[in-house]
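Everything on this sheet refers to the single structure shown next.
The values are calculated or read from the model by the stated rules, or taken from the named source; none is laboratory data. The shown structure was predicted, so the numbers you read here are calculated from the model rather than taken from an experiment. FYI the Cβ positions are ideal-geometry reconstructions off the backbone, even for glycines, and counts take in every protein chain you see.
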Amino acid sequence: MYHLLLVALGGSLGAVARYAIDQLAISYLNSSLAGTFIVNISGSFVLGLLLGITSANHIWPEGPKLFISVGFLGAYTTFSTLSVATIHSLQKGDIYTAAINMGASIVLGLAAAFAGVLLGKAV
């Protein structure tokens, strides 16, 4: 039950953080697509960082890992929103934006996760 509550709390905080970043991107960049991109890349980095830290330090308890990875980051990042945003661009006939969004999200997401793992192992 304890782990379930940690995941629920992390998920609620991750969802709020995601919404706030999306609103900031709409306000300052006039783009929810940019908000989704920022969230997915930063979430990839943080998950990679957590993986790097926990792989180098096996003492981390399960609760905090679940809170951050499954709870917070599970609600914070979203592949489904990335997919829908890309489809919206395609429906508007903006193939270039759709391709850049999907390609850059995958490539930079992988790069961010890798950088996080390296940094986490170095900490």
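Just to be sure I understand, how many residues within the stretch 105-118 are exposed (fewer than 14 other Cβ atoms within 10 Å of the Cβ) and touching a residue at least 12 places away in the same chain (Cβ under 8 Å)?
2
Collect the residues in the stretch 33-69 that are at pLDDT below 90, surrounded by 14 or more Cβ atoms within 10 Å (Cβ to Cβ) and of a type in the set (Val, Ile, Thr), keeping them in residue-number order.
Scanning the stretch 33-69 gives 53, 54.
Being in a helix (DSSP H, G or I), without any contact (Cβ under 8 Å) to a residue 60 or more places away in the chain and out of contact with any Cys (no Cβ under 6 Å at 6 or more places or on another chain) is true for just one of 52, 14, 35, 74. Which residue is that?
35
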